[in-house]
Amino acid sequence: EYSRAASLSVFPMALLSALKQYLTSKECVLPITIVVFAALFVNVGLNSVFTFGFRDFHGFGVQGPALAGSITASLQLIALTAYTVITKPESPATWDGWQLSSFRMRMWGALVPCALGSAVSIASEEWIYNLIMALLGVFVG
């Protein structure tokens, strides 16, 4: 039950991770800090309500934290997307657009090792998270 509910958070968290990396590369870390700090309190409140309930609402039990995490990730994604669209963070020119010279093999030779290291890091983090979610589903369910 928990794993199925937690799977709802995979897509928003992937987009959120990419957006946070983009903003960090633009040196816009203050909005990320503010949104993550606010999301901490939202997540605590949603966890409490979704797990144990509030007034006439009886909560979802073990699925509550997973749903709270999914909603919190989605709210963070919405907030940071709104910030990015509204402010359009600027940085020094780092890319001149698509050019034929971009596709020369010597250019890719320098880029691929950096990209592979980053891809392995991100993939292993996601796989470990999914493994933990699956094990929780086996042990709890």
Which FRET efficiency value, to the nearest 0.05, do you get for residue 121 and residue 49 by plugging their Cβ-Cβ distance into 1/(1 + (r/R0)^6) with R0 = 30 Å? 0.30
Across all Cα atoms of the chain, Rg and the largest Cα-Cα distance (Dmax), in Å, are 19.3, 65
Taking chymotrypsin sites (Phe, Trp or Tyr not before Pro) as exposed when DSSP calls them loop (any state but H, G, I, E, B) and at most 13 other Cβ atoms lie within 10 Å, what is the longest stretch of the chain free of them, the sites themselves excluded? 1-94
Please name whichever of 8, 76, 32 sits farthest to the positive end of the charge dipole of the stretch 1-96, dipole taken about the Cα centre and charges placed at Cβ: Lys and Arg +1, Asp and Glu -1. 8
Across 75, 116, 100, the residue with the highest GNM fluctuation in the chain (Cα network, 10 Å cutoff) is 100
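List the DSSP H helices in the chain whose Cα atoms stretch 24 Å or more along the helix axis and whose mean Kyte-Doolittle hydropathy is at least 0.0. Walk me through the numbers before you get to the answer.
Values: long enough: 30-52 (33 Å, 1.96); 64-87 (34 Å, 1.26); 105-140 (51 Å, 1.28).
The answer, listed by residue number, is 30-52, 64-87, 105-140.
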Quick one: pull the percent of accessible area on the chain belonging to carbon and sulfur, 1.4 Å probe, ligands and nucleic acids left out. 71
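The values are calculated or read from the model by the stated rules, or taken from the named source; none is laboratory data. If you're wondering where the values come from, they're calculated on a predicted model, not measured in any experiment. Using ideal geometry, Cβ is built from the backbone for each residue, glycine included, and neighbour counts are taken over all protein chains shown. Heads up: the accessible areas ignore ligands, DNA and RNA and are worked out on the full protein's heavy atoms, side chains in. Shrake-Rupley method; radii C 1.70, N 1.55, O 1.52, S 1.80 Å.
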